[in-house]
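Worksheet: one structure, shown below.
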Amino acid sequence: MSSKPRRAGAASHPQTAAAAARRQARIATAAEMPPRKEGLRLKARLRALYHGGSPTAVKFRVIVLVIDLLIIGFFMVSPLLKEQGIIFYAVDYVIAAILALDLAARAYAFSDFKDWLKRPIVWVDLFILATLLFPAWFFNLGFLRVLRLWTLIHSDFFWRTLGEKYDDTRTEEIVRAVLTLVTFVFVATGFVYTAFLGSHEGLQGYMDALYFTVTSLTTTGYGDIVLPGTWGRLVSICIMLVGVTLFVRLGQAVFRPNKVSFPCPTCGLGKHDPDAVHCKACGEQLCIPNNE
């Protein structure tokens, strides 16, 4: 009678060992799983905030855009504030931290990091971040920070949040043309201020550089401020040519007949008249939805 319990007990030792091994494996797996789940959960949350359509996501993106616009305003007036010394550099580093966090969150939320890095807008933002992190080395290129306005207005992030109603419309084209012109004005002004300050008796401050840029790109040319030397003339020519081109682009956006964005399934032509029935390029029948 006593042998049966012993056999049962002996037989139970391998089962107990196997069960213990399974428990240890589950414990090890459980110890490894939370960070991965948390990482996936964080990525999903960021993706929902940056790309989702929920009211919470829209509010989050509006806050991000408001902060972006305030930062761009600081970039525009930074040449006037650089004499503030330590306060200016402190604000510089705070903005650098905000921009770095935003870029890191966008990169983590993007589906493919390599594809994200291939976007020109991302490289512009990374360069702007470098000028903020190393202001003593890159301050002469600090005027390029205003390009943040251009990257913002050409991003899907902006139009999905504030301009969804006007996405792919004439309003979007006009807004982009206006802000591209504004961006060029401040970039050109910053370059003239950085490279030619004090080279002419009339060019003694940032407002003088802004005045010269506007009179040049509108081809008014009063002549009271002139950039000296061959390089000065070349800069003036570039400002005139680019300024006229951007004004023409703005005029086209305002006065050109309205088109709707609807890619032709055959030839890919993206713009058509609102009442078009057939594609003008290939004759394919179109079915353009009426959103009225």
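The values are calculated or read from the model by the stated rules, or taken from the named source; none is laboratory data. All values reported here derive from a predicted model rather than from experimental measurement. Because the Cβ atoms are built from the backbone with ideal geometry, glycine has one as well, and the counts that use them run over all protein chains shown. These area figures cover heavy atoms from the full protein model, side chains too; ligands, DNA and RNA do not enter into them. Shrake-Rupley method; radii C 1.70, N 1.55, O 1.52, S 1.80 Å.
Taking each residue of region 212-232 that is closer than 16 Å to residue 247 by Cα and looking for partners that are of a type in the set (Gly, Ala, Ser) and assigned to a loop (DSSP other than H, G, I, E, B) with beta-carbon atoms closer than 8 Å, six or more apart or interchain, yields 215/221.
Selection of region 234-269 for residues being part of a loop (DSSP other than H, G, I, E, B) and surrounded by 12 or more Cβ atoms within 10 Å (Cβ to Cβ) yields 259, 262, 263, 264, 265, 266, 267, 269. Apart from one condition, residue 133 fits all of (1) open to solvent by 40 Å² or more (accessible area, probe 1.4 Å); (2) at pLDDT 85 or above; (3) not charged (D, E, K, R); the exception is (2). Set side by side, the residues 104, 100 differ, and just one is closer than 20 Å to residue 133 by Cβ and either surrounded by 14 or more Cβ atoms within 10 Å (Cβ to Cβ) or modelled with pLDDT under 80 (or both), which is 100.
Identify, please: which residue in region 270-279 is part of a loop (DSSP other than H, G, I, E, B) and modelled with pLDDT under 80 and is, among those, most open to solvent (accessible area, probe 1.4 Å)?
If we filter region 270-279 for residues that are part of a loop (DSSP other than H, G, I, E, B), which is where we start, we get 270, 273-277, 279.
So of that shortlist, the ones also modelled with pLDDT under 80 come out as 270, 273-277.
On the way: 270: 31, 273: 41, 274: 74, 275: 123, 276: 25, 277: 79 Å².
Per the criteria, the residue is 275.
Scan region 60-67 and tell me whether some residue there is loosely packed, with under 12 Cβ neighbours inside 10 Å, farther than 30 Å from residue 194 by Cα and either modelled with pLDDT under 70 or charged (D, E, K, R) (or both). So far as region 60-67 goes, no, none of its residues is loosely packed, with under 12 Cβ neighbours inside 10 Å, farther than 30 Å from residue 194 by Cα and either modelled with pLDDT under 70 or charged (D, E, K, R) (or both).
In region 200-215, the qualifying residues are those that are part of a helix (DSSP H, G or I) and touching a Phe, Trp or Tyr at 6+ places or on another chain (Cβ under 7 Å), and the one that is farthest from residue 232 (Cα to Cα) is 206. Looking across region 245-278, just one residue is touching a Ser or Thr at 6+ places or on another chain (Cβ under 7 Å) and of a type in the set (A, V, I, L, M, F, W, C), and that is 246. As a summary of the residue check, residue 53 satisfies the conditions (1) assigned to a helix (DSSP H, G or I); (2) exposed (fewer than 15 other Cβ atoms within 10 Å of the Cβ) except for the one numbered (1). From (1) over 30 Å from residue 207 (Cα atoms); (2) open to solvent by 80 Å² or more (accessible area, probe 1.4 Å); (3) aliphatic (A, V, I, L, M); (4) free of Cβ contacts under 8 Å to residues at least 24 places away in the same chain, pick out the condition that doesn't hold for residue 162. Unmet condition: (4).
The numbered conditions (1) without any contact (Cβ under 8 Å) to a residue 60 or more places away in the chain; (2) open to solvent by 60 Å² or more (accessible area, probe 1.4 Å); (3) not in a helix (DSSP H, G or I) are all true for residue 288 except (2). So for region 71-82 (the condition being open to solvent by less than 60 Å² (accessible area, probe 1.4 Å), touching a Leu at 6+ places or on another chain (Cβ under 6 Å) and modelled with pLDDT of 85 or more), does at least one residue qualify? Looking through region 71-82, at least one residue is open to solvent by less than 60 Å² (accessible area, probe 1.4 Å), touching a Leu at 6+ places or on another chain (Cβ under 6 Å) and modelled with pLDDT of 85 or more.
Only one entry of 194, 151 meets the criterion of being modelled with pLDDT of 80 or more, hydroxyl-bearing (Ser, Thr, Tyr) and open to solvent by 40 Å² or more (accessible area, probe 1.4 Å), and that entry is 194.
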